[in-house]
Amino acid sequence: MATSILTENRSCCLLSCILSGMRLKKALILILSLWAGWLFAGTNPMAGGHETRKDTASAVVMYGDSLLIERPSFFPDRGYNAQLDSLLLTDDFDPERVAQLKLIQSVGDLSRAQVASLIDSLFTLSEVPYPLINEINLYITMLENQRARHSIFAAEVPHDSPHPAHSLYGEWNEEIPHPYKLNHTNPDTGFYLKLRDTLWSCDYYHPHSGPVTSRFGWRYGRRHSGIDVDLEVWDPVHAAFAGQVRVARFYGGYGRVVVIRHYNGLETLYAHLHRFKVKAGDFVEAGDVIGLGGSSGRSTGSHLHFEVRFRGEPVNPENLIDFRTQSLVGDTLVLHKTPHWYVGRTTNVTIHRVEKGDYLHKIAQQYGVSIQEICELNAIRRNSTLRVGQRLRISG
Ligand SMILES: [Zn+2]
């Protein structure tokens, strides 16, 4: 009988309790559809003609637009606990909503087949809970992306543990915002940093939508290593990219400051905060609220001082972020060292998958770039042997 599959595991037992609480009148029909079946194509036979929307960034199948939790962006956050806490504090909380939130939290422990079964069973309810199904799809996709991203970075840079981009720094300091004394002797070295990767949902979230009040660069003979964005005290400040919080403390003129190390090696800094919402060591997703804006430290009025750094040296945030449209300028950041900071420009990088019979000259011609550019982008030589299936970055 189908329910015996569910009771095999503790969290599944919870599921069946919750499902019965959701006025499930008939026995669960378990259709062990393949994971890809429901994740990518929305081919659930029970969905009927319901309109589906496939989000290209993260391949989440959505049945309409509604989710259980309202969020400022499409990015999932760790809001389930907070929602549960606030729901349980009110006297007249909706038990069904609590059950749904608990159900989502338990989904992470299930196998793919079990999640597929769960979703199929939800489609058999007399009132199909589309927001709940969307939320489960979103949550699972987020977990998958997280796991995939960690494994990808681990594969590319084997020494990148226990912290993001550890091999670039070799140091993890939770006390000082800029502890690095790295040797930058080779000014010609360019770094190509991936800013956005739609495959793994590494994306950007604008830290705060206020107007820019002071730009990066020299200011009254002193260098301004970041950009100032106007905000009101208590306004939420968001993580620009996914990563790990390295610093969250009061530090001199910065006041309450958060520094996040990202997987591509960039660090972003958020100063003059009024309150912290994270602590050192926390992992964050792009868009997570990391603190509330304020005027702590050396500040004449409430604003966000936002810095982007690479190996301790500042980068003009406007090299990568368009503050008017609040979006990235390009997919990849190319950095070159100058005496004072890194100068960056963005480029949109295309990936070419090497096929049988490909050679560098042919590929360069195909994309209208030089062989030298391809070699630099991929750290290969002109006479390197290309492997079929190898992925080459092509600067656009
Ligand atoms: Zn500033």
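We did not get these values from a lab; they are worked out from the coordinates using the rules stated. Remember, predicted model here, so these are calculated numbers, not experimental data. Cβ atoms come from the backbone with ideal geometry, glycine included; neighbour counts cover every protein chain shown.
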Study note, to complete from the structure: The summed charge of the VAL259 Cβ neighbourhood (under 10 Å; Lys/Arg +1, Asp/Glu -1) stands at +1
Exercise for review: Provide the packing ranking of 330-338, 376-384, i.e. peptides ordered by the mean count of other C-beta atoms within 10 Å per residue, highest first.
Suggested key: 330-338, 376-384
Review point. In nm, what is the difference between 0.36 nm times the number of residues separating PHE283 and ASN383 and their Cα-Cα distance?
Key: 31.9 nm
Study note, to complete from the structure: Cα-Cα longer than 29 Å, checked against LYS277/LYS337; LYS337/LYS362; LYS194/LYS279, kept in input order, equals LYS277/LYS337; LYS337/LYS362
Review point. Given a Förster radius of 30 Å and the C-beta distance between THR213 and GLU373 as r, what FRET efficiency does 1/(1 + (r/R0)^6) yield to the nearest 0.05?
Key: 0.20
**Study point:** Net charge, GLY294 excluded, C-beta distance under 11 Å - Lys, Arg +1, Asp, Glu -1
**Key:** 0
Review point. With r defined as the distance between the Cβ atoms of ARG222 and LYS356 and R0 fixed at 56 Å, what FRET efficiency is calculated, to the nearest 0.05?
Key: 0.45
